[in-house]
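Working notes, structure below.
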Amino acid sequence: MRPEELRPRQAGSAIAPESLEELAGEGAGSMSVIGRRNRKVDGAGKVTGATVYTDDMALPGMLHGKILRSPHPHANILSIDTTRAEALPGVHAVLTGREMPVTYCVIPWTRDEYPLCVDRVRYIGDGVAAVAAVDEDTANRALRLIDVEYELLEPILEPERALDADAPQIHEAGKPGRNGNITKHVHLEFGDVDAALADSDVVVEDEYFFQGSSHTPIEPHCAIGLYDATGKLTVWSATQVPHYLHRELARVLDLDVARIRVVQPAVGGAFGGKSEPFDLEFCVAALSRKCGRPVKILYTREEVFYAHRGRHPMKMKYRTGASRDGRIRAVDGKLLLDGGAYASFGLVTAYYSGQLLTAPYKFDTYRFDSTRVYTNKPACGPKRGHGSVQPRFAFEVQLDQVAERLGIDPMELRRRNFIGERTRTINELRVTSNGFLQCLDAVERSSAWSDKFRRMPFGRGVGVAGSCYISGTNYPIYPNEMPQAAVQIQIERSGRVAVFTGASEIGQGSNSMVAYIAAEELGVPLEYVRVHSTDSDMTPVDLGAYSSRETFMVGNACLMAASDLRKRITAVIANEWDTAAAQVGLAAGWAFDLSDTERRIPISEAFNIAEAKLGTLAAVGHYNTPKDVHGEYRGGTIGASPAYSFTAHVAEVDVDVETGVVDVRKIWIAHDCGRALNPVLVEGQMEGSAYMGFGEALMEEQVFKDADHGRAGLHNAPSLLDYRIPTSMDTPELESLIIESLDPEGPYGAKEAGEGPLHPSIPAIANAIYDAIGVRMNAMPFSPPNVWRALQAGGAREAWERARRDMKRTEVAAD
């Protein structure tokens with residue numbers, strides 16, 4: 001075949017030859033893909049309906065499974081009789097907990113949950129038995145034929161009751177004399193907090209409550225299990241942690257991990273709600289092994305609410321001491337976390353609730369005491385911004401209280417306490433790049449803050465808040481020294497580039513991210529890149545889509561592999577052209593000479609020349625975190641990250657004082673993402689985060705009935721008809737302001753953008769409500785009844801007028 005026959009037609013996104021001169025003029029560091037507003041690689045399939053989700057799959061001979069769930073919040077299981085269910089025509093297998101008597105948990109040190117309950121149920125909705133039948137209707141009929149005898153126990157529905165000495169024990173204590181209702185207690189102190197509080201010119205103390213909330217992804221959990229005749233198990237699951245699921249399937253089912261394949265089809269949203277193994281994944285595997293046919297289980301929406309793992313309800317007490325000039329001298333927090341029936345990520349949540357508060361502000365001293373307890377409700381876990389959204393709400397509101405006491409503009413107070421960059425927090429977390437000041441500047445300017453704060457009529461106001469968040473956890477969930485992320489890249493002679501990644505695409509754009517990097521480094525049009533992801537038989541290990549780790553960690557792994565290939569290819573072409581490798585450019589379908597763009601060849605020809613010299617073109621990249629980014633104290637690794645993102649929001653609200661209805665008119669979102677690899681995707685993450693925070697602030701409540709209001713422990717609204725989330729008609733105007741601090745360790749300088757932008761929206765709205773009507777909303781949600789009751793308590797108008805008088809006095813004194 002002649003070389004000219006190998007030349008592909010240039011794809012629509014390819015740069016025309018005459019445009020190469022512009023790229024060459026920008027130098028070797030210029031970029032043709034990164035930083036551009038490119039499409040998502042999976043976008044067309046999603047908008048046309050071609051994308052295949054787990055529930056779209058139908059295997060030959062596939063059965064449908066269902067799980068029998070407890071009607072009681074707390075009870076011993078005395079007996080389970082499955083005889084009648086097994087006799088029902090169309091039923092192929094029935095499963096109980098005694099067939100899988102191994103506990104599991106995503107955190108290895110807190111395994112406390114069985115795939116199906118063995119001897120006790122701990123919340124309404126706990127799985128007791130499972131069936132596989134020819135269709136869902138038959139499976140549901142079979143569930144009604146399973147006879148379970150229970151011995152009812154006292155349920156614990158309030159976290160304070162869990163701490164009582166005489167409270168029933170939901171789990172057995174790990175050591176004699178311990179309270180088995182405590183998942184984790186963390187007490188850490190940095191500096192002499194009591195002395196700093198005593199020396200402070202101002203001390204503000206208050207209590208705050210963050211109501212629990214759920215993830216509400218569009219797609220319910222779904223899994224298919226196939227145990228074939230050779231003894232190989234394949235599980236397809238709408239999970240966001242395929243690797244951790246892989247490990248737990250092997251351990252719980254006592255199977256060789258090498259004989260298990262886990263595949264993640266497209267996922268229709270997760271937000272943390274699919275970041276650990278669930279009962280349905282073990283059940284489809286065990287049922288398939290038992291009956292020899294593939295089995296699918298799809299949660300109903302009600303089951304999604306009971307599976308939960310959403311935001312922890314938190315009761316928080318904070319004291320903040322400050323000097324007269326507004327410097328934060330001391331912060332003292334005491335937090336009680338309602339964890340629900342099982343541990344989930346709770347050990348980490350207890351640490352995150354305190355460890356992640358120490359930036360973007362400098363604290364002279366800091367102490368937090370965090371206790372996560374079990375209750376007889378669905379287990380809480382990680383939701384977007386895991387563990388730190390709740391304390392950020394409380395602290396950012398308290399900062400505004402401090403600013404008011406001192407007569408300082410809350411925007412200015414935050415500037416004065418800026419921690420800086422290339423520094424360490426009070427709890428010894430390393431901070432690299434930090435664009436928080438630029439975030440404050442951006443929202444202040446765009447919102448016309450100076451013209452609005454304390455200057456708008458009664459009922460209208462603005463509020464500000466800031467935050468930071470991790471770009472991935474510094475350590476894997478199970479201790480090991482292996483890379484946290486890896487990518488394999490293979491180049492085919494046509495110019496097509498295949499990227500193999502274990503990263504979990506859950507809608508956030510991780511597949512697109514690796515495609516952008518491959519296209520940038522290897523000079524191919526984006527259409528030439530094929531991404532193959534999350535199939536344990538094909539792709540290298542990645543730990544999953546949690547803690548905003550994918551861009552930083554997988555991106556660095558992909559960059560390592562792609563840049564290695566680029567160096568090898570340009571070296572070969574440079575030798576052919578008798579020039580330096582640094583003079584060879586690869587961009588959007590061409591290899592060209594940076595000093596003379598007339599010298600160019602299609603990228604496929606360049607790949608062919610390189611393959612002839614080097615052999616098959618392939619490379620592997622991997623990433624592991626630095627180990628010098630945290631303190632050496634117990635718990636110092638939790639909250640550590642290779643980089644942190646920073647965010648500031650301003651919210652503007654209009655409050656109807658007659659009804660308590662809060663209308664959030666607009667939220668300005670400034671986010672330091674390091675570098676926006678694709679501004680469209682970053683803006684989407686920023687706006688989606690702010691939208692979610694707005695919904696939690698005004699609407700969402702994951703609440704349960706008590707004994708006085710129906711069946712104790714029953715979910716109050718387990719459907720999208722009753723559980724309120726914002727529609728497009730409810731959502732305020734959102735303006736995204738991207739700040740690029742170019743982190744020295746991120747891929748092209750990038751950091752996270754998927755979770756950090758949520759945190760400030762809630763306290764910014766709370767602070768705006770105070771500016772509007774003089775009422776501090778320290779408990780969520782800010783729903784019409786709650787706001788109306790706060791207004792009826794009296795003193796709102798007086799507080800609003802006093803705040804404006806104080807500001808005028810401050811302005812006069814400054815003049």
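The values are calculated or read from the model by the stated rules, or taken from the named source; none is laboratory data. Bear in mind that the values here come from a model prediction, so they are computed numbers and not experimental data. Virtual Cβ from ideal backbone geometry, glycine too; neighbours counted across all protein chains shown. Quick note on the areas: whole protein, heavy atoms, side chains included, nothing else; ligands and nucleic acids left out. Shrake-Rupley method; radii C 1.70, N 1.55, O 1.52, S 1.80 Å.
Quick notes
- Rounded, prolate or oblate (a/c below 1.5 giving rounded, otherwise prolate when a/b exceeds b/c) for the stretch 627-679 by Cα gyration tensor: oblate
- Considering only the Cα atoms of the stretch 217-298, their convex hull presents on average a projected area of 4.7 nm².
- Across the stretch 62-129, the relative contact order, built from alpha-carbon pairs under 8 Å that are at least six residues apart, equals 46 percent.
- Per-peptide average of other Cβ atoms within 10 Å, ordering 174-185, 111-122, 756-767, 460-471 highest first: 756-767, 460-471, 111-122, 174-185
- Computed from the alpha carbon atoms alone, the convex hull of the stretch 344-445 holds 133 Å³ per residue.
- Hz values of 3J(HN,Hα) by residue in the stretch 774-783 - Karplus curve (6.51, -1.76, 1.60), Gly and Pro given as x: x, 10, 7, 9, 8, 10, 9, x, 8, 7
- Residue-averaged [θ]222 nm for the chain, counting only DSSP H segments that reach four residues, each worth -39500 (n - 2.57): -8500 deg cm²/dmol
- Answer label for mean projected area of the Cα convex hull in nm² (calculated), chosen among [x] 39.5; [y] 70.8; [z] 37.4: [z]
- Gain in span if fully extended, LYS627 to ARG445, counting 0.36 nm per residue against the direct Cα distance: 61.7 nm
- Near ARG530: Cβ cut-off under 12 Å, other residues only, Lys/Arg at +1 and Asp/Glu at -1. The net charge is -2.
- Here the extension length gained between LEU88 and LYS613 equals 182.3 nm, from 0.36 nm per residue of separation less the Cα-Cα distance.
- Over the stretch 153-235, the Kirkwood radius and the radius of gyration, each from Cα atoms, give a ratio Rg/Rh of 1.20.
- Apolar share of the accessible surface for the chain: 50 percent from carbon plus sulfur atoms, 1.4 Å probe.
- Kyte-Doolittle mean at least -1.0 and Cα axial length at least 20 Å: DSSP H helices in the chain: 389-406, 555-577, 679-698
- Dividing the convex hull volume of the alpha carbon atoms of the stretch 684-815 by its residue count gives 192 Å³ per residue.
- Those residues of the stretch 636-666 whose amide nitrogen sits under 19 Å from the label point placed on ALA814, 7 Å along Cα→Cβ: 650-651
- Cross-link pairs exceeding 32 Å in C-alpha to C-alpha distance, out of LYS175/LYS377; LYS362/LYS627; LYS40/LYS627, comprise LYS40/LYS627.
- Neighbourhood net charge (9 Å Cβ-Cβ; Lys/Arg +1, Asp/Glu -1) for GLN264: -2
- Residue-by-residue Karplus 3J(HN,Hα) for the stretch 474-479, coefficients 6.51, -1.76, 1.60, Hz, glycine and proline x: 6, 10, x, 5, 10, x
- Packing around the peptides 658-669, 235-246, 582-593, taken as the average count of other Cβ atoms within 10 Å per residue, puts them in this order, highest first: 235-246, 582-593, 658-669.
- The separation of the stretch 572-621 from the stretch 710-729, counted between C-alpha centres, amounts to 58 Å.
- Vicinal HN-Hα couplings computed from phi for the stretch 113-121 (Karplus, 6.51 cos²θ - 1.76 cosθ + 1.60; Hz; Gly/Pro x): 10, 8, x, 9, 4, 9, 10, 8, 9
- When its C-alpha radius of gyration is set against 2.2 N^0.38 Å (N residues), the stretch 84-199 gives a value of 1.59.
- Per residue, the accessible area of the chain comes to 37 Å² when a 1.4 Å probe rolls over the protein heavy atoms.
- A protection proxy built from the mean count of other Cβ atoms within 10 Å ranks the segments 143-155, 513-525, most packed first, as 513-525, 143-155.
- Extension gain for the segment ARG259 to ASP201, taken as residue separation times 0.36 nm less the Cα-Cα distance, is 14.4 nm to one decimal.
- Global form of the stretch 328-374, assessed from the alpha-carbon gyration tensor, a/c cut-off 1.5: prolate
- At q = 0.09, 0.17 Å⁻¹, base-10 log of I(q)/I(0) for the stretch 420-578 (Debye sum, equal scatterers on each alpha carbon): -0.48, -1.03
- Extent of the stretch 166-317 along its three principal axes (Cα atoms, max minus min coordinate, largest first): 73, 41, 31 Å.
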